[in-house]
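Each value in this text was obtained by applying a stated rule to the coordinates, not by laboratory testing. Fair warning: this is a prediction, and the values are worked out from it, not measured in the lab. Note that each Cβ is placed from the backbone with ideal geometry, even for glycine, and that neighbours are counted across all protein chains shown.
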């Protein structure tokens, strides 16, 4: 994601203000660099919880980038869902596994080359798609916000209703799957203690 | 009838709200002195004139916080040709209130009424050694010992008064007997003199 | 230059509110709780009914040694109080206390989302503290915090979604401008769900399982001393102010009041916030702590269905009006 953001920043800077960038553009580039750095640290640090916390910085940086692109609604949803919930869930899981303070060398699997190959391929695909889609599109900061809640809502529910609903069905399927998995485990253990917290831990 | 759902929650809120509108019961101690009940156990006072250095208190004390030093003195014979008597003289009497657990056993066992409870309690110190009260300080507490509270109505008579009354009654009875014997011998005028007026034993009993 | 001055003044005003209101709430808690328990509470600090008790507490905290446990993850341990406290400061910026542009720190277009998003970040502070302390009680506290947040974030969001639907906007001043008095009975279920879920997210009694002092000492904050501990406490009280202010502006009509609408709107807002803060304290005094399974059951089987029902009701009424 962060790679895509920096790529987007590069395309943005290639517009009319390429030689005399405005303050917003400079800020965009700087935040992009910070986000990129945080993302790198996230995948390279050997401390599990630190990785999760660097992920917070990365996602927060992305939210700031959205804000600078005037996509206010997306920015806050990013913070709300990713920083506020996903990372909390992640930390919750890490705490359940008793993540140690300090390095955990056994957390490294031997799949590093494969993983980096997949990451590079994904990044390349994203960068290519984004660059190809927007090329020289220029956001007019002076006019009405183009990423406001109203605009986003209109787009989402007029032009993109079908993908949106398909996504919700996907999420619903995931939810049902989680419930089925946790219930099955509970029955196999043959005690009716699958209430509340224990059910969630197994998810 | 099943209770309305949430009525328990409402009741809980009502209790706290009602308590808030009432006057609080906090006693603001340093500004307002507490009203202590009679027989409060604040500090132990020593009436050293009564102490005979019998050591009962020190021996009964569960945590050994009473220190007594004494020496013997000989008293010259009271009558010419009599024997010299020896007598215990108190040199030191101290109670370590850092150890004392305020059980009151020393006061119970003292046969000569030399130890008393005083309701004073404000003798905290910044140095624990200061909590060992020596003889003069224990004597000073005597001034704060209150008069013993009155007996409950219908309570048993105090032992010493009961004893005094019994002896007085015995005396009176003996005198009356003697009078009757004399009356048989002499005329009846003398017995009429003793008849009216309360007997001394009855007076003591009241 | 004038713009800079304007921004600076607004920020100073928000900062003053941030520093003063939590102390007022804290002092009120001292006194109200004491009287509800038949006590007097602090009476000496400051002379008159102990009004300066919290100032004295602050001085005491500042004097204490700042201890970091030997096995702790130092940087995260030290960073956690700031992460817990700063989001509340940010949220205060977006809450309007009166009509007009002068009565809000900064108008945010997606204000409701901004507020909820940033509030969720504050919990990260507790999690960081719980993990970095290298203490099993802290870790348990952190776990419970996370579980509670996951359970109660959803009903809170759904309740807010209901009111946003009713107003047709996600901007907080927009919601307030659209407010009518009959929204009160209409959105009452949503308001209750929001308030209860907010209490749970603040870990206020009766939802104080994550800091239950009788079983896990002080949860994630066990190892903290001095100013850092004070910052966590301050975060809790700013949280009360923020929750009450949010409930006020989203559900109780903020500056709208039966009379005195012009110029006195901020009085109504503050009054409603004060009443809600009193209720927060009142609940703390009245109810025992909920057990962990009761907490989860309340969230998933009571609050979420209620919030969904509220959304359905809002939708029906909205369509009927149009």
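Per-structure values
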{"quantity": "Centre separation in Å (Cα based) which lies between region A:50-75 and region B:123-166", "calculated": "78"}
{"quantity": "Shielding score for C:72-81, defined as the mean number of other chain Cβ atoms within 10 Å", "calculated": "2"}
{"quantity": "Pair residue A:33, residue A:166: separation of 7 Å Cα→Cβ label points (nm)", "calculated": "4.0"}
{"quantity": "Chain C: angle of helix C:74-93 to the longest principal axis, Cα-based, in degrees nearest 10", "calculated": "30"}
{"quantity": "Acute angle (nearest 10 degrees) that the helix C:188-202 long axis makes with the longest principal axis of chain C, alpha-carbon atoms", "calculated": "20"}
{"quantity": "Overall form of chain B per C-alpha gyration tensor (a/c, 1.5; a/b vs b/c)", "calculated": "oblate"}
{"quantity": "Euclidean distance of C-alpha centroids, region B:26-86 and region C:115-134, integer Å", "calculated": "65"}
{"quantity": "Tail weight of P(r) past 17 Å, computed on alpha-carbon pairs of region B:87-130, percent", "calculated": "47"}
{"quantity": "Region C:1-97: C-alpha pair distances exceeding 22 Å, %", "calculated": "54"}
{"quantity": "Sum of -39500 (n - 2.57) over DSSP H runs of 4+, divided by residues of chain C (222 nm, nearest 500)", "calculated": "-23000 deg cm²/dmol"}
{"quantity": "Value of [θ]222 nm, deg cm²/dmol, for chain B, DSSP H segments ≥ 4, -39500 (n - 2.57) each, nearest 500", "calculated": "-10000 deg cm²/dmol"}
{"quantity": "Cα gyration tensor shape of region B:1-119, rounded if a/c is under 1.5, else prolate or oblate by comparing a/b with b/c", "calculated": "prolate"}
{"quantity": "Highest-MSF residue in chain C out of C:147, C:200, C:220 [GNM, Cα springs under 10 Å]", "calculated": "C:147"}
{"quantity": "Principal-axis tilt of helix C:111-132 within chain C, Cα atoms, nearest 10 degrees", "calculated": "10"}
{"quantity": "Euclidean distance between Cα centres, region C:4-55 to region C:154-171, Å", "calculated": "31"}
{"quantity": "Inter-probe distance in nm under a simple model that places probes 7 Å from Cα toward Cβ, at residue B:84 and residue B:181", "calculated": "4.7"}
{"quantity": "Region C:185-322 pair-distance distribution - Cα-Cα, 10 Å bins, rounded %", "calculated": "11, 32, 33, 18, 6, 1"}
{"quantity": "Cubic angstrom per residue, convex hull over Cα atoms of chain C", "calculated": "152"}
{"quantity": "Spacing of the two label points (7 Å from each Cα toward its C-beta) at residue A:122 and residue C:227, in nm", "calculated": "4.2"}
{"quantity": "Cα gyration tensor category, rounded, prolate or oblate, for region A:36-102 with a/c compared to 1.5", "calculated": "oblate"}
{"quantity": "Relative frequency of Cα-Cα separations exceeding 39 Å in the protein assembly as shown, percent", "calculated": "55"}
